[in-house]
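Student: Following this message is one structure expressed as C-alpha cells.
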Amino acid sequence: MDTEQKRLIKRWDNAEHFPTLPDFPHHLHLGEKDNVRSSKPLSIVDLLDIIETEMA
C-alpha cells in the first residue's frame, strides 16, 4: 500500500481464484486489484530483496 494506505502498489497472493495463470495459485496484484500477473512462490528473503531493490 502507499504511505496513506489508500492505493495498492503490489500484493503477492496465493488464493485460488485465477486458475488459468501459470504458476497457479501464486499471483501478483499490481496497482489495481484486477491487474494480476503470474508469480512464483517467494521466500521472505526473496521478498525483502524485491522491497530493497524497489525502494532504492
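No value in this document is a laboratory result; all are computed from the given coordinates. Keep in mind that this is a model prediction, so the values were computed, not measured. Here the Cβ is made from the backbone with ideal geometry for all residues, glycine too, and neighbour counts use every protein chain on show.
Student: With the requirement that a residue be more than 19 Å from residue 50 (Cβ to Cβ), hydrophobic (A, V, I, L, M, F, W, C) and under 12 Å from the mean Cα position of the chain (by Cα), what does region 1-32 give you?
Tutor: Once the filter is applied, which keeps residues that are more than 19 Å from residue 50 (Cβ to Cβ), hydrophobic (A, V, I, L, M, F, W, C) and under 12 Å from the mean Cα position of the chain (by Cα), region 1-32 yields only 15.
Student: Continuing with this model, one more query. Which of the residues belonging to region 8-24 are touching a residue at least 12 places away in the same chain (Cβ under 8 Å) and not aromatic (Phe, Trp, Tyr)?
Tutor: 8, 9, 10, 11, 13, 14, 21, 22, 23
Student: Cβ-Cβ distance below 9 Å, separation of 6 or more or different chains: which pairs start in region 37-53 with a residue that is under 14 Å from residue 14 (Cβ atoms) and end on one that is part of a helix (DSSP H, G or I) and among the hydrophobic types (A, V, I, L, M, F, W, C)?
Tutor: 42/50
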